[in-house]
Structure formats: structure tokens, C-alpha cells
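Student: One structure, pasted below without further comment.
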Amino acid sequence: MEYDERLARFRQGHANPFDRSEVTDRPCNQKVRPELFPSDTKTQSSERPMDLGLAEDHFSRPVGSFVASDIEQLKQTIEECKRLILELPEHSERQKDTVVKLIHLRLKLQELKDPEEDEPNLRVLLEHRFSKEKSKSVKQTCDKCSAIIWGLIQTWYTCTGCYYRCHSKCMNLITKPCVRSKVSHQSEYELNICPEIGLDRQDYRCAECRSPISLRGVPSEARQCDYTGQYYCGSCHWNDAAIVPARVIHNWEFEPRKVCRSSLRYLALMISRPVLKLKEVNPLLFNFVEELVEIRKLRQDILLMKPYFLTCKEAMEARLLLQLQDRQHFVENDDMYSLQDLIDISTGRLSCSLTEIHTVFAKHIKLDCERCQAKGFVCELCKEGDILFPFDSHTSVCQECSAVFHRDCYYDNSTTCPRCARLTERKHEPLDP
């Protein structure tokens with residue numbers, strides 16, 4: 001008899017959380033493990049796990065520490081709930097309620113499997129610098145598994161270099177290094193239009209993850225990237241569209257083409273880098289695009305204005321050259337272009353903004369600043385007219401001494417430059433004792 005009482009007390013103190021049988025003889029001072037799935041009413045034994053799980057407040061924070069057995073029990077409850085949904089009448093109220101409860105169970109399972117507080121704020125992997133995101137409401141897509149990132153219940157990271165997004169659980173599966181490192185080490189475009197090598201040369205595998213692909217879509221559809229010319233699977237190629245630099249340079253075509261994910265990120269990071277030298281790649285482009293000729297002339301004038309600003313105190317204090325800080329290469333050379341420059345040229349945006357800046361620069365030199373006006377030239381051929389500057393449209397500049405003349409005077413005069421002749425004469429004069 002004493003043994004039976006001890007056995008009963010032991011069973012009461014270690015009650016199964018899924019056991020819905022009511023215990024009546026439980027001592028008030030007996031410590032009982034809190035039930036994970038409390039319930040109020042009796043149900044049939046076949047529906048016990050599912051009903052117990054559905055009765056829980058799944059949005060509450062977990063009490064105590066959950067172990068592997070708790071997760072397994074929750075998985076079993078989810079499977080029972082899924083089975084019941086298929087058995088219930090379609091579009092019935094009970095089926096709708098069961099679907100909602102299934103969602104709650106999955107949220108709880110995800111919370112247990114992927115706790116946010118255990119994740120570090122910064123992780124480094126394959127030159128990616130992943131930073132934990134705090135946004136909960138923005139809907140994103142994982143670049144690794146192509147699934148939706150539910151920020152409310154899932155931990156996710158974004159690379160600060162190439163903006164690669166992924167779940168915390170997908171980080172160990174990443175095989176592609178950060179595109180930012182490629183931009184730093186190899187700042188140049190593929191300038192051949194869609195350089196296709198063929199699917200057979202790729203061994204019928206994705207060019208990035210090496211998973212099997214085919215043109216028939218079995219086991220995975222082969223999608224071609226218009227930038228690299230290679231074929232990719234659906235996980236690495238999402239049919240994103242981007243402007244391809246090779247088509248712009250050779251055909252002046254700005255229609256977006258389908259590219260893979262890695263090419264999309266690479267083009268996004270390279271779009272503002274001045275790496276295109278049009279004179280070498282396609283010099284004939286200036287014969288067909290009038291806007292390019294206009295932009296080249298404005299850039300040449302700005303380079304001629306730059307020495308005035310570097311020696312002018314007022315210009316340095318006003319920071320006039322900082323008006324081109326977004327296009328720093330415009331004050332360094334006149335032949336390098338970025339892809340963004342060519343896009344803005346095609347839309348007319350760059351022509352308007354650069355003309356306005358050119359007007360501000362010329363106004364400072366010719367009207368506002370007396371020091372800059374004093375650095376002007378007088379045509380030594382006709383010795384008439386106003387003060388000339390090298391960026392004036394009706395002037396010509398000597399390539400030897402940088403003297404400025406009227407264009408008509410310079411080409412009508414067949415003799416040498418007067419300033420060059422004077423400087424040469426001074427060199428040959430004997431020095432006074």
C-alpha cells in the first residue's frame with residue numbers, strides 16, 4: 001500500500017504534459033513541471049496532441065528553457081494539425097480556425113529553433129561583413145534560399161558591402177564571396193555583348209552554385225545572364241533586369257536586360273565608377289551621339305577653369321569645385337565615363353546640370369573675381385577686343401605656351417605664335433654683366 005502511494009505521487013510529480021487526464025489526488029505542496037500545452041476539457045485520444053498544442057498561447061514568450069524534446073513534441077503537434085486540416089470539410093469554420101492555429105504553431109517552432117538573442121550583431125564570412133538587421137516589418141527575400149524573410153520571427157543579416165541578404169540559418173550555406181571585393185580588385189566591365197560559351201561548356205550546371213540545369217527545366221530551368229553570357233539556376237538568377245554596359249557602349253542601348261543576382265549586385269556597385277574610356281573602346285560613338293560631343297566640350301572647359309580656382313582664395317573659400325563632388329573624375333580628366341554618366345547623358349539630365357555648373361564657374365572667373373579677371377589674355381595678333389580666356393568658345397589656345405587668341409586671328413595668321421617667338425628670343429639673349 002505504501003508502495004502504491006509513492007508510485008502515485010511520483011506519477012503526479014512527473015505528469016506528461018500531453019496527458020489531459022484530470023488528477024484529483026495531487027497534494028497541494030507537490031511541485032509539478034509546468035505544462036507546455038495546458039488544456040481545459042477532455043477530447044478523444046486521437047486528437048490529444050493537436051488539441052493540446054492549439055490551446056496554447058503561442059505568442060507568449062517561452063517560460064524556462066526549451067529542450068530538444070519540446071521541439072519534437074511541437075513538430076508532432078504541427079503534423080497532427082496538418083492532417084486534421086485535410087480531413088475537415090473544405091472552407092468550413094473549423095478548418096479555417098485550424099489553419100490559423102497551424103500558423104501560430106509554426107511561429108512558435110521558428111522562435112524556438114532560431115532565437116534572436118543568441119545571434120551576434122556582426123559576422124564575417126567569405127569577405128562578407130554581415131550585420132544583423134533590426135527591421136521587423138520590411139518584407140525581404142533571402143538571396144540564398146529564395147524564401148521570404150519574416151523579420152517578425154526570423155533573424156536575418158545584410159552584407160554592408162554588397163547588400164547580400166539571407167537568413168541566419170542560411171549563412172553557413174553561402175558559397176559566393178562578397179561582390180565588393182571583386183569591385184575593389186577588378187574594376188572593369190565585360191565589354192563583349194553577351195559572351196555566351198554554351199550550356200554544354202558549363203557541363204549543364206549553374207555557373208555559380210553548380211547545381212544541375214537544363215533548357216527544358218528538368219531538374220531546374222537554365223536562365224541566361226545577358227552580362228556574363230553564362231547560364232544559372234532559378235536560385236541564382238531571379239530574372240532581374242539591369243542596363244548592360246557593353247550594349248550601351250557599342251549600340252547606345254539602355255533597355256534593361258535579364259541578369260543573374262551576382263551580376264546585378266556587381267553592376268549596382270560599379271555604376272558610379274569612371275572606368276569606361278570611350279575613345280579607346282568605341283571612338284565612333286562621338287560621331288553618332290551629339291550629346292557626347294557637348295558633354296566632352298563642357299568637361300574640357302571645366303578642366304581649363306580648374307587652375308583659376310586652385311589659385312583663387314575666393315573660389316577656395318566658396319568651394320566651387322565641390323559642386324562636382326559626385327563626379328570627381330570631371331575635374332581630373334575628360335575621357336573617362338561611368339555607366340551612370342552615360343545613362344544621364346541619354347536622358348539629358350547630365351547636360352542640364354553640367355551646363356549650369358559651367359555657367360557658375362565662368363561667371364566667377366569673368367565677372368565676380370578681379371584676381372581671376374587679371375589672369376585673362378589679350379589677343380596679340382589683332383590686339384583688339386575684350387579679355388580672352390581659354391574656355392571661351394571663340395578662342396584658340398597655343399599648345400606650346402598656352403597663350404589665348406581669337407580663333408579667326410589664330411588660323412588666319414600663318415606665322416608662329418608671338419608669345420612663343422618672344423620667349424625663344426629671351427632664351428638666346430646674352431645675360432647682362
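Student: Among the residues of the stretch 283-298, is there at least one that is among the β-branched types (Val, Ile, Thr), assigned by TED's automatic domain parsing to the domain that holds PHE330 and closer than 28 Å to CYS225 by Cβ?
Tutor: Yes, because at least one residue in the stretch 283-298 is among the β-branched types (Val, Ile, Thr), assigned by TED's automatic domain parsing to the domain that holds PHE330 and closer than 28 Å to CYS225 by Cβ.
Student: What number goes with the only condition from (1) touching a residue at least 60 places away in the same chain (Cβ under 8 Å); (2) closer than 18 Å to LYS182 by Cβ; (3) not in a helix (DSSP H, G or I) that LEU267 does not pass?
Tutor: (3)
Student: Within the stretch 176-201, can you find the residues that are modelled with pLDDT of 80 or more and of a type in the set (Val, Ile, Thr)?
Tutor: Within the stretch 176-201, VAL179, ILE193, ILE197 qualify.
Student: Is there any pair with a first residue in the stretch 293-311 that is surrounded by fewer than 16 Cβ atoms within 10 Å (Cβ to Cβ) and a second that is at pLDDT 90 or above and among the small types (Gly, Ala, Ser) whose Cβ atoms are under 7 Å apart and which are 6 or more apart or on different chains, and what are they?
Tutor: If the second residue must be at pLDDT 90 or above and among the small types (Gly, Ala, Ser), the pairs left are GLU294/SER351.
Student: I would also like to ask the following. Can you find a residue in the stretch 146-158 that is closer than 25 Å to LEU339 by Cα and outside the structural domain of MET336 (by TED's automatic domain parsing)? It would help to see each step written out before you state the result.
Tutor: Taking the stretch 146-158 first, the residues closer than 25 Å to LEU339 by Cα are none.
No, every residue in the stretch 146-158 fails to be closer than 25 Å to LEU339 by Cα and outside the structural domain of MET336 (by TED's automatic domain parsing).
Student: If you don't mind, there's one more thing I want to ask. Only one residue in THR424, THR416 is modelled with pLDDT under 85, assigned to a loop (DSSP other than H, G, I, E, B), among the β-branched types (Val, Ile, Thr) and out of contact with any Cys (no Cβ under 7 Å at 6 or more places or on another chain). Which one?
Tutor: THR416
Student: I'm told THR158 meets every condition in (1) modelled with pLDDT of 85 or more; (2) closer than 26 Å to HIS104 by Cα; (3) of a type in the set (Val, Ile, Thr) except one. Can you identify the failing condition by its number?
Tutor: Only one criterion is unmet by THR158, namely (2).
Student: Only strands (runs of 3 or more DSSP E) wholly contained in the stretch 145-256 count here; list those with 1 or more residues that are out of contact with any Ser or Thr (no Cβ under 6 Å at 6 or more places or on another chain), of a type outside the set (S, T, N, Q) and closer than 19 Å to VAL275 by Cβ.
Tutor: Answer list for the stretch 145-256: 240-242.
Student: Cβ-Cβ distance below 7 Å, separation of 6 or more or different chains: which pairs start in the stretch 366-391 with a residue that is touching a residue at least 24 places away in the same chain (Cβ under 8 Å) and assigned by TED's automatic domain parsing to the domain that holds CYS409 and end on one that is loosely packed, with under 11 Cβ neighbours inside 10 Å and part of a loop (DSSP other than H, G, I, E, B)?
Tutor: Between residues of the stretch 366-391 that are touching a residue at least 24 places away in the same chain (Cβ under 8 Å) and assigned by TED's automatic domain parsing to the domain that holds CYS409 and residues that are loosely packed, with under 11 Cβ neighbours inside 10 Å and part of a loop (DSSP other than H, G, I, E, B), there is no close pair.
Student: If you don't mind, another one. Are any residues in the stretch 122-148 within 20 Å of CYS260 (Cα to Cα), modelled with pLDDT of 80 or more and under 17 Å from the mean Cα position of the chain (by Cα), and if so, which ones?
Tutor: HIS128, GLN140, THR141, CYS142, ASP143, LYS144 - these are the residues of the stretch 122-148 that are within 20 Å of CYS260 (Cα to Cα), modelled with pLDDT of 80 or more and under 17 Å from the mean Cα position of the chain (by Cα).
Student: Has the stretch 356-370 got any residue that is at pLDDT below 80 and of a type in the set (A, V, I, L, M)?
Tutor: no
Student: Select from the stretch 354-383 the residues that are of a type in the set (Asp, Glu) and either surrounded by 17 or more Cβ atoms within 10 Å (Cβ to Cβ) or outside any helix (DSSP H, G or I) (or both) and list them in ascending order.
Tutor: If the condition is that a residue be of a type in the set (Asp, Glu) and either surrounded by 17 or more Cβ atoms within 10 Å (Cβ to Cβ) or outside any helix (DSSP H, G or I) (or both), then GLU380 is the only one that fits.
The values are calculated or read from the model by the stated rules, or taken from the named source; none is laboratory data. Since this is a predicted model, take the numbers as computed values, not measurements. In this analysis, Cβ positions are derived from the backbone assuming ideal geometry, glycine residues included, and neighbour counts consider all displayed protein chains.
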